[in-house]
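Enquirer: I'd like to ask some things about the structure below.
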Amino acid sequence: MEYVIIFVAAVFVNNIVLSQFLGICPFLGVSQKISTAMGMGAAVTFVMTLSTIITFLLQEYLLTPYGLGFMQTIVFILVIAALVQMVEIILKKVSPPLYQALGVFLPLITTNCTILGVAIMVIQKNFDLMQSTVFAISTAIGFTLALVVFAGIREQLALTKIPPAMRGIPIALIVAGLLAMAFMGFSGIV
């Protein structure tokens, strides 16, 4: 039951993008098409899950026991950067169209604050390894859900008549605000 609560809280109640406002750059930048949003969500899920596991183990067995807690952010960023490079190499070989579609946003996963934020949050919440893994996967699913829903809405907006002053980023920000308000409706669940 504990893992179900972590899952529901991370995906709906405390959605990393719509409630905690982390990862806004890829949320706005990669949400033009659903296919691109799904690809970015998959890449973020992979990197977030692996980086959370690795950083948890580093914190638990290296940084804390040897009094190196002050190195946490630097070590976590290095782990995330290495994993993103690995994902970039794999995507370039396995799916060149997705690699091209993600463009500059793929290397930006390195500085995506959602990944670093989750790695730090699991330490702050005193989660064990299994809880940390469930939290990372759930948060990544919530990130992907928000990204795909937002991309679907933006695809529909491209087909409608919007006043010239509202096209592009202005209407996207309004829709993002409405989505955030919609997700606030889940706040009483957990």
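The values are calculated or read from the model by the stated rules, or taken from the named source; none is laboratory data. Here the structure is a predicted model, which means the values were calculated and not measured. So basically every Cβ, Gly included, is an ideal-geometry build from the backbone, and we count neighbours across all protein chains shown. The protein model used for the area step is the full one, side chains on, heavy atoms only, and it has no ligands, DNA or RNA in it. Shrake-Rupley method; radii C 1.70, N 1.55, O 1.52, S 1.80 Å.
Enquirer: At a probe radius of 1.4 Å, what is the per-residue accessible area of LYS33, in Å² to the nearest 10?
Expert: Number for this one is 110 Å².
Enquirer: A follow-up question, please. I'd like the carbon and sulfur percentage of the solvent accessible area for segment 64-190, probe radius 1.4 Å, heavy atoms only, ligands and nucleic acids excluded.
Expert: After summing per-atom areas, the C and S share lands at 73 percent.
Enquirer: If you rank ILE16, ILE74 by how much accessible surface each has, with a 1.4 Å probe, what is the order from largest down?
Expert: Most to least solvent-accessible, the answer reads ILE74, ILE16.
Enquirer: With each run of n ≥ 4 DSSP H residues scored as -39500 (n - 2.57), what mean residue ellipticity at 222 nm is computed for the chain after dividing by its residue count and rounding to the nearest 500 deg cm²/dmol?
Expert: That comes out to -21500 deg cm²/dmol.
Enquirer: Next up: For the chain, with a Gaussian network of springs between Cα atoms less than 10 Å apart, report the residue from ILE77, ILE174, ILE153 with the top mean-square fluctuation.
Expert: ILE174
Enquirer: Quick check: pseudo-label points 7 Å beyond the Cα along Cα→Cβ at GLU155 and GLN131, how many nm apart are they?
Expert: The answer from the label model is 3.8 nm.
Enquirer: Calculate one ³J(HN,Hα) per residue across segment 84-90 by plugging θ = phi - 60° into the Karplus curve 6.51 cos²θ - 1.76 cosθ + 1.60, and present them in order as whole Hz with x for glycine and proline.
Expert: Taking θ as phi minus 60°, the curve returns 5, 4, 5, 4, 4, 5, 5 Hz for segment 84-90.
Enquirer: Just the accessible area for LYS92, please: 1.4 Å probe, Å², rounded to the nearest 10?
Expert: Roll a 1.4 Å probe over it and LYS92 shows about 120 Å².
Enquirer: As an exercise, use a Förster radius of 30 Å and the Cβ-Cβ distance of ALA180 and LYS92 to find the FRET efficiency, rounded to the nearest 0.05.
Expert: Here the calculated transfer efficiency is 0.30.
Enquirer: Now a separate question. I want the local charge near GLN131. Using Cβ-Cβ distances under 13 Å, sum +1 for each Lys or Arg and -1 for each Asp or Glu among the other residues.
Expert: Here the charged neighbours net out to -2.
Enquirer: For segment 37-44, what does the Karplus curve 6.51 cos²θ - 1.76 cosθ + 1.60, with θ = phi - 60°, yield as ³J(HN,Hα) per residue in whole Hz, taken in order and with x for Gly and Pro?
Expert: Values, residue by residue: 4, 5, x, 5, x, 5, 5, 5 Hz.
Enquirer: OK, next. Which distance in Å, rounded to a whole number, links the C-alpha centroids of segment 103-154 and segment 31-65?
Expert: 6 Å
Enquirer: Using a 1.4 Å probe, what is the accessible area per residue for segment 56-126, in Å²?
Expert: 57 Å²
Enquirer: May I pose another question? Of the residues GLY39, GLY177, GLY67, which exhibits the maximal mean-square fluctuation in a Gaussian network model of the chain defined by a 10 Å Cα contact cut-off?
Expert: GLY67
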